[in-house]
Amino acid sequence: MAVEPEACPSLTRGEYLYDFGDTAATTPLLKMYTLGHSFVPPAIHAGGLRYHGDAPLACLLHHHKYIEAVAYQQRTVFEAAVQFARAEGIIPAPESAHAIRKAVDEALQAKRDGRPRVILFNLSGHGYFDLGAYEDFLAGRLEDYAYPRQQVEQAIRELAAIQP
């Protein structure tokens, strides 16, 4: 399961196309789910998840339905991160917090279903460089943001000229 921010929904709402890996359009073309290399991330606290595309291998797996993808708003992600920090004593990075949100949701679903499950997620880093984001969340200053579909569609139209 790939988990991403609703503000940068490349796997869940992007298109599987060839695109540049950078905004300057200087890299080789990569086949990926993309929001378009002209994508400018909104002011959210998702760390390294503010990129217009995803790794080509992850995109290929998603395209062939070997993996699924889900997107979350940032407040619910930070809610799960704080819950994890209180339980485990580790402040997770925002990137990891997305995976934690999904793991918590999967655990709650297993509990509702009355079925034991093995749930594995990747804690890829600590959130010590992101303490300002945690402060904003705890103070109620973080806002959710869903990337507008019209902006995705416009960026995809711009990619038509570079498709093989």
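FYI, it's all coordinate maths here, none of it is from the lab. Only a predicted model underlies this, so the values are computations on that prediction, with no experimental measurement involved. Glycine gets a Cβ as well: all are built from the backbone with ideal geometry, and neighbour counts include every protein chain shown.
Before moving on, here are some points about what is shown:
- Likely footprinting exposure, H98, H63, fewest C-beta neighbours within 10 Å first: H63, H98
- Selected from P164, A93, A103, residue furthest toward positive end of dipole (the chain; charges at beta carbon): A103
- Euclidean distance between Cα centres, region 65-122 to region 5-19, Å: 21
- The orientation-averaged projection of the convex hull spanning the C-alpha atoms of region 74-143 amounts to 4.8 square nanometres.
- Extending 7 Å from the Cα toward the beta-carbon at both I90 and E153 defines two label points whose distance is 4.3 nm.
- Between helix 94-113 and the chain there is an angle of about 60 degrees, using the helix long axis and the longest principal axis of the Cα atoms.
- Helix 149-158 and the longest principal axis of the Cα set of the chain meet at an angle near 30°.
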